[in-house]
Amino acid sequence: MPEQVTLITGARKGLGRYLAEQRLARGERVYGCSREPSDLVSPRYEHFCLDVSDERAVRQMFSRIRKEAGRLDHLVNNAGVASMNHAMLTPMSVVESILSTNVAGTFLMCREAARVMQTNGFGRIVNVTSVAAPLHLEGESIYAASKSAVQTLTQILAHELAPFGITVNAVGPTPVMTDLIRNVPADRIASLLARQAIPRLGTPEDVHNVVDFFFRKESGFVTAQSVFLGGVC
């Protein structure tokens, strides 16, 4: 069986770093990207420094992956930008940054990945959304809206890419202790957890469990789904 090839965005730290390490542990060839360099060292890992919304840089990365690996089996769109502000206090620069990374960047990565995946008639794309969308969290209007867009994008791309053997799904973590929530007030986190059926913080393992399920060859009939963790619906 050919070596499986996985690309993870936002792979320098946090959840993306954990996912990269888990896929390496499974013997896969892993590519990662982020705006800054990574210190993850493995003979089967290569890191690209880029902005996921930079079309030229993204296309160059995929050209390199196609040339080196000849295939791409899995993509995890983990890169994301968050901001917590009342709508009346949110500057347009923040709006543009969130939509550029979370929506345009996700779309661009999916499009370019599909072009490589279709060559082998197989692909698994997993987009990371957020419980901020279904919970309609106050103070996160643009972030939640961007993640709702990712969910809709997931559903439509699943239909468009199914003829090529490519599935597209999404996972929506509850808060995981990463840099995205490290500065969120404890009372706000507690209030959010109280709205879950299972009132605890998520873990990287929880997220990878879902990603791993979506990646499996046996999951080829599962597409257009968004799984929100912790009992959020």
Margin query: Quick check: convex hull of the Cα atoms in segment 1-91, volume per residue, rounded to a whole Å³?
Written below: 108
Item checked: Between segment 124-147 and segment 66-96, the alpha-carbon center distance in angstrom -> 11
Notebook entry, point to check: Amide H to amide H under 5 Å from His47: which residues, 5+ apart in sequence or cross-chain, H placed 1.01 Å off N in plane?
Noted result: Gly32
Next item on the list: Give, in nm to one decimal, the length gained when the segment between Asn209 and His86 is fully stretched (0.36 nm per residue of separation minus the Cα-Cα distance).
Entry: 40.9 nm
Item checked: Thr152/Val222 FRET efficiency (R0 22 Å; Cβ-Cβ; nearest 0.05) -> 0.75
Margin query: If you take every DSSP beta bridge fully contained in the chain, what fraction is antiparallel? Give it as a percent rounded to 5.
Written below: 0
Next item on the list: Report the full-extension gain for the segment Ala162 to Arg35: residue separation times 0.36 nm, less the Cα-Cα distance, to one decimal in nm.
Entry: 42.6 nm
Checklist line | Two-decimal Rg/Rh across the chain, once Rg and the Kirkwood Rh are taken from alpha-carbon atoms | finding: 0.95
Margin query: Relative to 2.2 N^0.38 Å, what does the C-alpha radius of gyration of segment 122-223 come to as a ratio? Two decimals please.
Written below: 1.18
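Quick note: the coordinates plus some simple rules give every number you see, no bench work behind them. All of these numbers come straight from a predicted model, not from anything done at the bench. Every residue, glycine as well, gets a Cβ built from its backbone with ideal geometry; the counts of neighbours run over all protein chains shown.
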